[in-house]
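The values are calculated or read from the model by the stated rules, or taken from the named source; none is laboratory data. The structure displayed is predicted, hence computed values, not measured ones. Glycine gets a Cβ as well: all are built from the backbone with ideal geometry, and neighbour counts include every protein chain shown.
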Amino acid sequence: MNYYSFEYPYLILLLLPIIYCLYRCKERLKPIYFVHLHFLSAKKSFYKLEWIVKISIFSLLFIALASPIIIDRVDPLNRNGKDIVLAIDASGSMNSSGFDFEDEERGLEKLSRFEIAKLVASEFIKKRVSDNVGVVLYGDFAFIASPITYEKNIIVEMLSYLTQGMAGQNTAIGEAIAMSVRAFKHSKAKSKIVVLLTDGEHNSGDISPKDATVLAKEANIKIYTIGMGNRGEADEALLREIAGNSGGEFFYATNAKELREIYTHIDELESSTIKSRDYLLKEYNYYPFLLIALLLLLYLLKREMSK
């Protein structure tokens, strides 16, 4: 959220006595008498303009001195939201054609399941106004592709660089859950959620999905599982068990529309308060005021020299 302010607003009050002095403190000149004064008389309009220009110069200088700034409150204190980790399957089966994920308007039928999962996940992340989001990628093993952060644009950009197979060709669901739990290590949120997406069965890793789910439950983390692809490809029984034991829900998507609807449903979950730092970005904007004041001063000097 952006708003306009001043670094030192009280300095503008010093402008008041200067304006008063310019108005009340008249310049006293020693009278010089000439025969034909009408040749030397200046127009009153010029003196009125001169006074306005002087006031404008001082006003601009004091505004610049007060240091006008545009403040971007990037991470406000006590935001309402939740910490979410998206665990995305990058195994070999996710490289399959998105035949069952047809979307004529966007041409998703030409993408692999992994690319479709990334695209829908990116749409979901962009809508997370008050949430922190992290990403875990898994195959033979799991790794944290992005730690939990409020910087949504960075996460979306990072997702675009992820490729299918970079974590191996198998499906280590237990490793994915355990790594997601580790991603919450520094989380202060009361509401912690893992959204685990896969199109296959658990067949790799040193930790079982059951043991990993126990870790998530002990950390008060809900797991929402999503099976994608043709019915029977993903292990629905396992995914239901993981979701049920952790207090989450199980979903199945056979096309892109259903996948979006699932993420929309997760979006409607109850929010909680996140304790976080008050992070501000300041953009200083005193240069234009100084430039305009300088131009008016040069104009005034030019008029004085031409008298």
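Quick check on D131: is it within 26 Å of the chain's Cα centre (by Cα) and either at pLDDT 95 or above or farther than 24 Å from E201 by Cα (or both)? In short, yes.
The residue of the stretch 109-130 that is farthest from K82 (Cα to Cα), among those that are assigned to a loop (DSSP other than H, G, I, E, B) and among the aliphatic types (A, V, I, L, M), is L111.
Matching residues to (1) under 23 Å from the mean Cα position of the chain (by Cα); (2) surrounded by fewer than 19 Cβ atoms within 10 Å (Cβ to Cβ); (3) free of Cβ contacts under 8 Å to residues at least 24 places away in the same chain; (4) not assigned by TED's automatic domain parsing to the domain that holds S246:
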site: L159; (1), (2), (3), (4): yes, no, no, no
site: M166; (1), (2), (3), (4): no, yes, no, no
site: G174; (1), (2), (3), (4): no, no, no, no
site: A178; (1), (2), (3), (4): no, no, no, no
site: R182; (1), (2), (3), (4): no, yes, no, no
site: T198; (1), (2), (3), (4): no, no, no, no
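When each of E123, E105, E115 is tested for being at pLDDT 80 or above, assigned by TED's automatic domain parsing to the domain that holds V195 and out of contact with any Leu (no Cβ under 9 Å at 6 or more places or on another chain), the lone residue that passes is E123. Scanning the stretch 217-275 for residues that are modelled with pLDDT under 90, farther than 21 Å from A189 by Cα and among the hydrophobic types (A, V, I, L, M, F, W, C) yields a single hit, A256.
Mind telling me which of the residues G81, G98, G139, G92 ends up being touching a Ser or Thr at 6+ places or on another chain (Cβ under 8 Å), modelled with pLDDT of 75 or more and closer than 30 Å to N255 by Cβ?
Working: G81 fails: modelled with pLDDT of 75 or more; G98 fails: modelled with pLDDT of 75 or more; G92 fails: touching a Ser or Thr at 6+ places or on another chain (Cβ under 8 Å).
It is G139.
Among residues of the stretch 134-148 that are in contact (Cβ under 8 Å) with a residue 12 or more places away in the chain, those with a Cβ under 6 angstrom from a residue that is assigned to a strand (DSSP E or B) and of a type in the set (D, E, K, R), sequence gap 6+ or separate chain, pair up as I148/D83. Considering the stretch 204-216, and only residues there that are at pLDDT 95 or above and not in a helix (DSSP H, G or I), the residue that is farthest from P147 (Cα to Cα) turns out to be S208.
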